[in-house]
Amino acid sequence: MTTKITKAIFPVAGLGTRFLPATKSVPKEIMTLVDRPLIQYAIDEAREAGITDFIFVTARGKSALEDYFDRSPELEQKLKAAGKTELLKELRRTDMESGAIAYIRQREARGLGHAVWCARRLIGDEPFAVLLPDDVITGPRGCLAQMVDAYHKTGGNMVATMQVPMSKTENYGIVDIAAENGRLVSVKGMVEKPNIADAPSDLAVIGRYILRPEIMDALGKFNQGAGGEIQLTDAIADQITAGQPVHGYKFEGDRYDCGSKAGFLQATVAFALEREDLRDDFREFLDRVTGLHHAAE
Ligand code: G1P
């Protein structure tokens with residue numbers, strides 16, 4: 001019997017330097033894809049997977065995130081008075097009941113593994129999920145929900161995985177594959193951001209994890225890994241050495257790397273084309289500008 005996963009950690013302490021100067025005053029997780037902030041997509045995905053307790057690991061300068069999830073009585077009042085019921089509904093979808101979100105500060109930027117470790121007291125001895133909001137994933141069913149289904153059959157630890165070109169392995173955690181069975185991959189090792197020569201495969205870890213609480217002990221050793229940071233990937237690799245099963249899950253869906261400008265733009269275009277209210281005009285516009293670009297070349 002596996003334990004139900006109800007808690008999820010959202011590491012949102014990053015400075016977002018790739019999006020400066022915007023991130024000077026706006027947390028990158030608040031940057032919008034069409035009209036919803038990045039973080040909202042991760043929250044919705046977590047809810048779909050049954051998560052009820054949301055733990056944000058934040059840092060200085062991120063208070064806009066807390067405001068975003070709070071109620072906005074004045075705004076609600078105005079929308080109500082103006083009869084804008086659809087907008088009101090949309091606004092209420094962002095409400096989180098009191099106590100659903102906990103905010104923890106990561107006092108120093110010591111890496112993803114350290115950020116996760118900061119939430120150890122709230123996690124206690126339950127398995128939990130981690131979602132990196134930079135990775136926006138679309139699909140017929142949320143990526144984490146797919147993983148939770150699979151986890152109830154496998155137990156242990158699980159990471160979302162996706163094939164990447166060998167030339168890109170140095171941007172990801174890469175898994176060493178022991179065996180494959182459909183979407184499930186049994187993992188015998190993991191390396192954080194290996195160069196092409198050291199990469200054990202082309203199967204990359206994407207920012208969704210289901211982890212056993214014992215990982216907190218491994219993270220608490222503060223071993224420095226790639227880039228001098230405390231890496232989540234290394235702590236998961238430690239679990240394998242300690243005899244804990246780790247599975248990769250090749251999720252169904254498309255992933256956008258919204259931590260990069262190119263990925264963010266791609267997601268914006270893809271999401272706009274999905275929207276009935278924008279689709280037709282936007283497609284016409286895209287055809288026109290791409291046509292102009294081709295003509296100019
Ligand atoms: C993090 C993880 C890495 C993973 C990636 C997925 O790296 O450390 O293992 O492959 O997220 O997006 P980051 O992109 O934060 O450098």
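General remarks:
- When R283 is tested against (1) without any contact (Cβ under 8 Å) to a residue 24 or more places away in the chain; (2) surrounded by fewer than 17 Cβ atoms within 10 Å (Cβ to Cβ); (3) within 16 Å of the ligand (Cβ to nearest atom), only condition (3) is not met.
- Exactly one residue out of Q106, Q77 is polar (S, T, N, Q) and either in contact with a Leu (Cβ under 8 Å, 6 or more places away or on another chain) or in contact (Cβ under 8 Å) with a residue 60 or more places away in the chain (or both): that is Q106.
- Pairs meeting the criteria (first residue in segment 10-32 and touching a residue at least 60 places away in the same chain (Cβ under 8 Å), second residue part of a strand (DSSP E or B), beta carbons under 6 Å, at least 6 apart or on different chains) are F10/F56; F10/L131; P11/V57; V12/F56; V12/T58; A13/V57; A13/T58.
Table: residues versus (1) at pLDDT 95 or above; (2) surrounded by 11 or more Cβ atoms within 10 Å (Cβ to Cβ).
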{"site": "N223", "(1), (2)": "no, yes"}
{"site": "G228", "(1), (2)": "no, no"}
{"site": "L232", "(1), (2)": "yes, yes"}
{"site": "G243", "(1), (2)": "no, no"}
{"site": "F264", "(1), (2)": "yes, yes"}
{"site": "A267", "(1), (2)": "yes, yes"}
{"site": "E276", "(1), (2)": "no, no"}
{"site": "H293", "(1), (2)": "no, no"}
{"site": "A296", "(1), (2)": "no, no"}
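- Lone unmet requirement of (1) more than 10 Å from the ligand (Cβ to nearest atom); (2) under 18 Å from the mean Cα position of the chain (by Cα) for G259: (1)
- Within segment 56-102, the residues that satisfy the criterion of being hydroxyl-bearing (S, T, Y), assigned to a loop (DSSP other than H, G, I, E, B) and surrounded by 12 or more Cβ atoms within 10 Å (Cβ to Cβ) are S72, T94.
- Of all residues in segment 224-248 being in contact with a helix residue (DSSP H, G or I) (Cβ under 6 Å, 6 or more places away or on another chain) and within 14 Å of the ligand (Cβ to nearest atom), the one that is farthest from T138 (Cα to Cα): G225
- Taking the criterion of being within 12 Å of the ligand (Cβ to nearest atom) and in contact with a Leu (Cβ under 8 Å, 6 or more places away or on another chain), the residues of segment 112-147 that qualify are L112, G113, H114, V116, V130, L131, L132, P133, D134, V136.
- Entirely in segment 103-218, the strands (runs of 3 or more DSSP E) that have 2 or more residues that are surrounded by fewer than 16 Cβ atoms within 10 Å (Cβ to Cβ): 173-181
- Of residues in segment 188-200 being more than 13 Å from the ligand (Cβ to nearest atom) and of a type outside the set (V, I, T), the one farthest from M158 (Cα to Cα): A197
- Any pair with Cβ under 6 angstrom, 6 or more apart, that starts in segment 222-238 at a residue that is part of a helix (DSSP H, G or I) and ends at one that is at pLDDT below 90: none
- Residue within segment 148-159 that is more than 13 Å from the ligand (Cβ to nearest atom), closer than 21 Å to G113 by Cα, touching a His at 6+ places or on another chain (Cβ under 6 Å) and at pLDDT 95 or above present: yes
- Residue in segment 7-22 that is more than 21 Å from E274 (Cα to Cα), touching a strand residue (DSSP E or B) at 6+ places or on another chain (Cβ under 6 Å) and surrounded by fewer than 19 Cβ atoms within 10 Å (Cβ to Cβ) present: no
- Lone unmet requirement of (1) closer than 20 Å to A160 by Cβ; (2) modelled with pLDDT of 95 or more for T52: (1)
The values are calculated or read from the model by the stated rules, or taken from the named source; none is laboratory data. Since this is a predicted model, take the numbers as computed values, not measurements. In this analysis, Cβ positions are derived from the backbone assuming ideal geometry, glycine residues included, and neighbour counts consider all displayed protein chains.
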